[in-house]
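Have a look at the structure below before the remarks.
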Amino acid sequence: MRRLAWRVAELTAIREETPTARTLVLRVPGWPGHLAGQHVDVRLTAEDGYSTQRSYSLAGPSDGEHVELTVQRVPGGEVSPYLTEVMEVGDQVELRGPVGGWFVWEPAAKTPVLLVAGGAGVVPLMAMIRARRTAGSRAPFRLVYSLRDPGQAYYADELRHPDPGLDVTRVYTRTAPDGFARRPGRLTAADLAGSGRPPEYEPDCYVCGPTGFVEKAAELLVSLGHEPGRIRTERFGPTGG
Amino acid sequence: MAIISRGFRGRAREGGGKLPPGQYLTDDFPVLSAGPTPRVDTDRWEFTVETESGQAHRWSWAELLALPYETPTVDIHCVTKWSKLGTTWRGVSLDVLLEDVESAADYALVHSYGGYTTNLPLEDLLDGKAWIAYRYEGEEITPAHGGPARLLVPHLYFWKSAKWVRGIRLLDEDWPGFWETAGYHDYGDPWREQRYQDD
Ligand SMILES: Cc1cc2nc3c(=O)[nH]c(=O)nc-3n(C[C@H](O)[C@H](O)[C@H](O)COP(=O)(O)OP(=O)(O)OC[C@H]3O[C@@H](n4cnc5c(N)ncnc54)[C@H](O)[C@@H]3O)c2cc1C
């Protein structure tokens, strides 16, 4: 066993995902590697010594000293506005991890996977999709991605042409693109049952997003017959959304 | 020495001495759980204490409600960094539940409807430090927050306060629970910031 040490991380690149979310590419010397689905603790310290911490999911699979986080700006928040608006390439934060040994996908797993994302909850699920690609895994994957409107989509280019064996279903809750068949509205059982892959197919389910979304999505999965023990959840925010 | 993040100022320093290291204050009540929320019917609810010699003590929902209760007002600290000060609960002290239980065990493994487990030294459940809580701020505890009843052990990180509590096994040896096997600290004292293994 080893103690999780705080490490200095330097911002090396920024990718804008949406007007209110960005991906931070950080270089972390000595990073021990991680599994898709795990998160890190980020610690910010002000000049007067005041410091505060928050958790952020790792957005990509293990890649040497580089880690990627995608941060959604929460208006009035203490940390996310700093990470999304103030921090510039070359700036440093402290980080420790990887944390979490439950909400993870192991690249050797062959079981089908159902990923259910609400908003920023897509971040650790994208790490799983990317880890699947890196590993050359053929495990069947399906992503159901609930978002407010098309402008909120993270990783839009990458998900436009999904990897073979990855099926992507988008659920728009407020505004759908022109010509989109599904009417805007909250996630339903039909969205989750959609692909014709029944619960008897026994996928491992990973659900991530704001608390209200995760509560609802997990409840729908149970009502569709998914075994509760196969549904792993990660809750990001305090409120529903 | 911690490194300074350029341009980070932070919010007004709040909480005074009531906030353990690395925690921030929230007025919300966030949720941390590993899976779907189990729905537990109080008609079929029961709470069991099983000793190291296999002796079992059981309480139905009605029996629990008939026991003398307390209304502790406590601060709670979640390992995901939020803290909430001055929360008020109603519940039965573990001192009451364990009063007639004969045991020489040193450890407790708490288990829940839905399969969750968490471990702690038995002494952390005694002497007015822990309750089986069934009301929060004057209302029933909602399923998302662990209702109908949850363990309340506010001096440890809140994952030790098992939601949907179903029973406690008293053991001679320490037996790691769910998060404790997944990289989190065995004891979880927020004031010593024992978040992860070997912190
Ligand atoms: C395991 C884990 C993984 C996480 N991964 C990610 C991630 O990959 N990307 C990401 O952007 N966030 C992630 N989060 C959320 C993140 O840790 C912070 O909570 C978030 O960035 C807000 O922090 P803040 O300091 O900006 O806001 P705070 O100052 O903490 O909060 C300000 C106000 O906004 C509210 N608020 C806080 N969070 C949210 C939210 N998500 N939605 C709506 N309102 C909110 C608070 O209740 C408060 O009223 C994760 C959280 C956990 C527990």
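The values are calculated or read from the model by the stated rules, or taken from the named source; none is laboratory data. Just so it is clear, the structure is predicted and the values come from calculations on it, not from any experiment. Neighbour counts run over all protein chains shown; Cβ positions are idealised from the backbone, glycine included.
So here's what we get for this one:
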| item | result |
| --- | --- |
| Verdict on B:SER83 being in a strand (DSSP E or B) and hydroxyl-bearing (Ser, Thr, Tyr) | yes |
| Of residues in segment B:1-19 being more than 7 Å from chain A (Cβ to nearest Cβ) and surrounded by fewer than 17 Cβ atoms within 10 Å (Cβ to Cβ), the one farthest from the ligand (Cβ to nearest atom) | B:MET1 |
| Some residue of segment A:42-65 being closer than 16 Å to A:GLU85 by Cα and surrounded by fewer than 15 Cβ atoms within 10 Å (Cβ to Cβ) | no |
| From B:ASP95, B:ASP28, residue being modelled with pLDDT under 95 and surrounded by fewer than 19 Cβ atoms within 10 Å (Cβ to Cβ) | B:ASP28 |
| Complete set of residues in segment A:201-230 that are hydrophobic (A, V, I, L, M, F, W, C) and either part of a helix (DSSP H, G or I) or more than 10 Å from A:GLY118 (Cα to Cα) (or both) | A:CYS205, A:PHE213, A:VAL214, A:ALA217, A:ALA218, A:LEU220, A:LEU221, A:VAL222, A:LEU224 |
| Enumeration of residues in segment B:105-129 that are of a type in the set (A, V, I, L, M), in contact (Cβ under 8 Å) with a residue 60 or more places away in the chain and not in a strand (DSSP E or B) | B:ALA105 |
| Breaking point among (1) in a helix (DSSP H, G or I); (2) over 14 Å from the mean Cα position of the chain (by Cα); (3) closer than 22 Å to A:GLU227 by Cα, for A:MET128 | (2) |
| When residues of segment A:186-210 are limited to those that are at pLDDT 90 or above and among the hydroxyl-bearing types (Ser, Thr, Tyr), the one farthest from the chain's Cα centre (by Cα) | A:THR188 |
| Selection status of B:ALA56, free of Cβ contacts under 8 Å to residues at least 40 places away in the same chain and away from chain A (no Cβ under 11 Å) | yes |
| Lone unmet requirement of (1) more than 23 Å from B:ASP43 (Cα to Cα); (2) loosely packed, with under 14 Cβ neighbours inside 10 Å; (3) touching a Phe, Trp or Tyr at 6+ places or on another chain (Cβ under 8 Å) for B:LEU120 | (2) |
| Pairs, first more than 12 Å from A:THR175 (Cα to Cα) in segment A:144-155, second of a type in the set (Gly, Ala, Ser) and surrounded by 15 or more Cβ atoms within 10 Å (Cβ to Cβ), C-beta under 8 Å, six or more apart | A:VAL144/A:ALA117; A:VAL144/A:GLY194; A:TYR145/A:ALA117; A:TYR145/A:ALA153; A:TYR154/A:ALA21; A:TYR154/A:ALA120 |
| Leading residue by the ranking (nearest to the other protein chains (Cβ to nearest Cβ)) among those in segment A:215-241 that are modelled with pLDDT under 90 and surrounded by fewer than 19 Cβ atoms within 10 Å (Cβ to Cβ) | A:PRO238 |
| Positions within segment B:23-38 being in a loop (DSSP other than H, G, I, E, B) and hydrophobic (A, V, I, L, M, F, W, C), in sequence order | B:PHE29, B:VAL31, B:LEU32, B:ALA34 |
| Residue in segment B:39-49 that is within 16 Å of the ligand (Cβ to nearest atom) and either within 30 Å of B:THR181 (Cα to Cα) or not in a strand (DSSP E or B) (or both) present | no |
| Single unsatisfied condition, B:LEU151 versus (1) farther than 18 Å from B:SER83 by Cα; (2) part of a strand (DSSP E or B) | (1) |
| Residues of segment A:39-61 that turn out to be more than 15 Å from A:LEU11 (Cβ to Cβ), of a type in the set (Ser, Thr, Tyr) and more than 9 Å from chain B (Cβ to nearest Cβ), as a count | 1 |
| Scope segment B:114-156; condition among the aliphatic types (A, V, I, L, M) and within 23 Å of B:PRO68 (Cα to Cα); matching residues | B:LEU122, B:LEU125, B:LEU126, B:ALA130, B:ILE132, B:ALA133, B:ILE141, B:ALA149, B:LEU151, B:LEU152, B:VAL153 |
| Qualifying residue in segment B:78-92 (condition: more than 16 Å from the ligand (Cβ to nearest atom) and touching a helix residue (DSSP H, G or I) at 6+ places or on another chain (Cβ under 7 Å)) | yes |
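Quick grid of which residues meet (1) within 12 Å of the ligand (Cβ to nearest atom); (2) under 19 Å from the mean Cα position of the chain (by Cα); (3) in a loop (DSSP other than H, G, I, E, B):
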residue: A:LEU83; (1), (2), (3): yes, yes, no
residue: A:VAL93; (1), (2), (3): no, no, no
residue: A:TRP102; (1), (2), (3): yes, yes, yes
residue: A:PRO107; (1), (2), (3): no, yes, yes
residue: A:LYS110; (1), (2), (3): no, no, yes
residue: A:ALA120; (1), (2), (3): yes, yes, no
residue: A:ARG133; (1), (2), (3): no, yes, no
